[in-house]
Amino acid sequence: MKLIATLAAGATLAIAPAALAQTAPQTAPATPPAPAAPAAQAAPVTSATVTDAELTQFVTVALEIEKIRKDPAVPEADKSAKMATAAQSSGIDPVRFNAIGQAMSTDTALNARVQAMATKLASADTPAAKQP
């Protein structure tokens, strides 16, 4: 299901600027910010480091973002803000969301978990799955 990989990549790119912009301070700080910690110190995102809860949040957000992206009723100018709102309301940190999306391209086990969860959530969202 390459759709989910494409969807996740697109969702990652779509929410990153909007979500981070909404959390950025509106005024410049009086002192320069401290240098960011080197990336090597951060734990790499792998299938083993992504919890089931994070996976569910990630896929839920990615599917919601894809709906927003494809919705012709939503003006293009409003899509980025709606995507950021969807990401924030899920409870997943935008940085973590992006890290999971990027890790999917190299971690086949993580990609398989995302695919399985997306299939599960998508099938639960279909009308046939909701009927008794």
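The values are calculated or read from the model by the stated rules, or taken from the named source; none is laboratory data. What you are looking at is a predicted structure, and each value in this text was computed from that prediction instead of being measured. Counting neighbours? That spans all protein chains shown, and the Cβs are built from the backbone with ideal geometry, glycine included. What goes into the accessible areas is simple: the full protein's heavy atoms, side chains included, and nothing from ligands, DNA or RNA. Shrake-Rupley method; radii C 1.70, N 1.55, O 1.52, S 1.80 Å.
In table form, for the structure just shown:
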{"read-out": "Subset tally (residues that are in a helix (DSSP H, G or I) and surrounded by 15 or more Cβ atoms within 10 Å (Cβ to Cβ)) for the stretch 68-82", "value": "6"}
{"read-out": "Residue tally, condition open to solvent by 30 Å² or more (accessible area, probe 1.4 Å) and among the small types (Gly, Ala, Ser), over the stretch 83-98", "value": "3"}
{"read-out": "Given (1) farther than 22 Å from VAL45 by Cα; (2) free of Cβ contacts under 8 Å to residues at least 60 places away in the same chain, index of the condition ILE92 fails", "value": "(1)"}
{"read-out": "Filtered residues of the stretch 42-69 (kept if free of Cβ contacts under 8 Å to residues at least 12 places away in the same chain, under 19 Å from THR119 (Cα atoms) and not small (Gly, Ala, Ser))", "value": "THR51, ASP52, LYS67"}
{"read-out": "Residue in the stretch 51-62 that is open to solvent by 50 Å² or more (accessible area, probe 1.4 Å), in a loop (DSSP other than H, G, I, E, B) and either at pLDDT 95 or above or not aromatic (Phe, Trp, Tyr) (or both) present", "value": "yes"}
{"read-out": "Residues satisfying the stated conditions in the stretch 99-111, i.e. open to solvent by 60 Å² or more (accessible area, probe 1.4 Å) and part of a helix (DSSP H, G or I)", "value": "GLN102, THR108"}
{"read-out": "Residues (closer than 21 Å to VAL114 by Cα and not hydrophobic (A, V, I, L, M, F, W, C)) located in the stretch 70-102", "value": "LYS70, GLN88, SER89, SER90, GLY91, ASP93, PRO94, ARG96, ASN98, GLY101, GLN102"}
{"read-out": "Residue match in the stretch 81-98 (condition: at pLDDT 90 or above, within 16 Å of the chain's Cα centre (by Cα) and under 20 Å from LYS120 (Cα atoms))", "value": "yes"}
{"read-out": "Tally of residues being open to solvent by 60 Å² or more (accessible area, probe 1.4 Å) and either charged (D, E, K, R) or at pLDDT below 90 (or both) across the stretch 112-122", "value": "1"}
